[in-house]
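The values are calculated or read from the model by the stated rules, or taken from the named source; none is laboratory data. What you see is a predicted model; the values in this text were computed from it and never measured. Positions of Cβ are generated from backbone atoms using ideal geometry, with glycine treated the same way; all protein chains shown enter the neighbour counts.
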Amino acid sequence: MKLWPGRPATLFGRTAATLTAVLLVFQLVVLVVAVATVFLPMARRSADDLAALMVLSAQTWVELPPETRKDFEDELAKSHDLWLFKVDTPLPDEGRFLPYLHLLENALTERVGMPIHVKVTHWENQWMWAEIPIGGQMIRIGFTLDRLDVHPMLALVLVIVAGVILVPLTALVLARRIARPLARLADAAARVGEGVTPELLPESGPTELAVLAATFNRMARQVKELMDNRTTLLAGISHDLRTPLARLRLGLEMMPENAKPALIARMERDMEEMNRLIGGFLELAQGLGQEEKRQVDLAALLGDLAQDMALEWRAHLPCIREVAPVALRRILSNLIENALRYGGDKPVSIACDCAEGSARIGVFDRGPGISPDQAEKVFRPFYRLESSRSSATGGSGLGLAIARQLADANGWKIELLAREGGGTEARLTILG
């Protein structure tokens, strides 16, 4: 699967990234539209009103008698937070930093009919001053930043911070609502593939996900019914075949003494092979049976198997794991028998690698080995590398299938690997 560089690999990551990008773009568009259609017109109207008040105040001050001007100045400062007085020299400009001041300059210029600049001074507070020439006099009128009562930088920072926090958080919540049911579905599908019946998925949420969960639950029930029917069929056929086989064995024992010994021996071998196949069918049918797990020392179990089957084994420190002991012994027995069958006269060894969170058991032989394209096929029921179907050169084709079925039922992993120098390693990995 090819992915773009840096592109999230999971559905959750991609959904979250897409939603985050869309919401951020949406927030930017809303901000631009709001500024262009609401805040900017409001700021222009406010600047125009303030410019009208400033020009009118300057004109009124010039027209008043000198003895009443001080009272007018006090009333203007008290009621409108504007300070006015006559000056002879202009102020130096210390820089403008508010876009609002540019709007105010434009409004003043339009009303006075000549360029008016708003100048900023940093006295005890930040003061904004406009020097308006009226009647041959220079009238300076100004106000502090507190009169505007705006904090554009703070507002911008708050908007950006809120967007950075809320947009990804919203995207994560929405993405999780979509990805979590699909993750549960994937986990349940994997368990069905392992031969384990998963818990039913909740059939809730959006209609599409609810329908998907209901369809999967129905499929899981059908798969379970098919597996139960297969188990019952195999067990029933195997059990029913035991009866005529027993009658054949009894008839063979009652044959006259003058019967050909070679014929009798061949018939006994055939019946023994039939009995072994029937036993394999029963074992395969019972492979999915649930067995109670308990604490088992894997090293001790392998030591017993090595002693019973004359294998090479090096003593190992205790390796305690919670496993189904009967299923584990059956898997290892099948793997060892397979190694002994195909390993020739060369010794077979077993080993245990016990690590935190997992345990790995290996069965090693020096036989002809197995090609990578066959390493998975041999776990199919009745699949044999040796095509003659003779019991003398190969097994029934059920041993590895039973081992794989038991491993899947217990959540273990079983695989065949080529060894360096020839031969095969049958590896069983137990998690937990």
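Would you mind stating whether residue 339 is modelled with pLDDT of 85 or more and closer than 26 Å to residue 370 by Cβ?
It is true that residue 339 is modelled with pLDDT of 85 or more and closer than 26 Å to residue 370 by Cβ.
Quick grid of which residues meet (1) in a loop (DSSP other than H, G, I, E, B); (2) modelled with pLDDT of 80 or more; (3) more than 42 Å from the chain's Cα centre (by Cα); (4) more than 27 Å from residue 303 (Cβ to Cβ):
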| position | (1), (2), (3), (4) |
| --- | --- |
| 361 | no, yes, no, no |
| 378 | no, yes, no, yes |
| 381 | yes, no, no, yes |
| 384 | yes, no, no, yes |
| 387 | yes, no, yes, yes |
| 394 | yes, no, yes, yes |
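Taking residue 68 as the residue in question, decide whether it is of a type in the set (Ser, Thr, Tyr), at pLDDT 90 or above, assigned to a helix (DSSP H, G or I) and more than 13 Å from residue 143 (Cβ to Cβ).
Values: of a type in the set (Ser, Thr, Tyr): yes; at pLDDT 90 or above: yes; assigned to a helix (DSSP H, G or I): yes; more than 13 Å from residue 143 (Cβ to Cβ): yes.
Yes.
Would you check which residues across segment 217-234 are modelled with pLDDT under 75, polar (S, T, N, Q) and surrounded by fewer than 13 Cβ atoms within 10 Å (Cβ to Cβ) and list them?
229, 232
Cβ-Cβ distance below 7 Å, separation of 6 or more or different chains: which pairs start in segment 279-308 with a residue that is among the polar types (S, T, N, Q) and end on one that is modelled with pLDDT of 85 or more?
From segment 279-308, the pairs are 295/320; 295/322.
How about segment 164-216: which of its residues are small (Gly, Ala, Ser) and surrounded by fewer than 17 Cβ atoms within 10 Å (Cβ to Cβ)?
First, pick out the residues of segment 164-216 that are small (Gly, Ala, Ser): 171, 175, 179, 183, 186, 188-190, 193, 195, 204-205, 210, 213-214.
Across segment 164-216, the qualifying residues are 183, 186, 189, 190, 193, 204, 205, 210, 214.
From 345, 308, 304, which residue is out of contact with any Lys or Arg (no Cβ under 8 Å at 6 or more places or on another chain), closer than 19 Å to residue 420 by Cα and not hydroxyl-bearing (Ser, Thr, Tyr)?
When all the criteria are applied, what remains is 345.
What about residue 47, is it at pLDDT below 90, surrounded by fewer than 16 Cβ atoms within 10 Å (Cβ to Cβ) and among the small types (Gly, Ala, Ser)? Write out each step before concluding.
Values: at pLDDT below 90: yes; surrounded by fewer than 16 Cβ atoms within 10 Å (Cβ to Cβ): no; among the small types (Gly, Ala, Ser): yes.
Judged against the criteria, residue 47 is not a match.
Quick check: is even one residue across segment 302-313 over 45 Å from the mean Cα position of the chain (by Cα), at negative phi and modelled with pLDDT under 75?
No, segment 302-313 contains no residue that is over 45 Å from the mean Cα position of the chain (by Cα), at negative phi and modelled with pLDDT under 75.
When the residues of segment 144-166 are narrowed to those that are of a type in the set (Val, Ile, Thr), closer than 20 Å to residue 29 by Cβ and modelled with pLDDT of 80 or more, which ends up farthest from the chain's Cα centre (by Cα)?
161
Would you check if residue 54 is assigned to a helix (DSSP H, G or I) and over 53 Å from the mean Cα position of the chain (by Cα)?
Against the criterion (assigned to a helix (DSSP H, G or I) and over 53 Å from the mean Cα position of the chain (by Cα)), residue 54 qualifies.
Take the residues of segment 6-51 that are of a type in the set (D, E, K, R) and in a helix (DSSP H, G or I): which is nearest to residue 107 (Cα to Cα)?
So, considering only residues that are of a type in the set (D, E, K, R) and in a helix (DSSP H, G or I), the one nearest to residue 107 (Cα to Cα) is 48.
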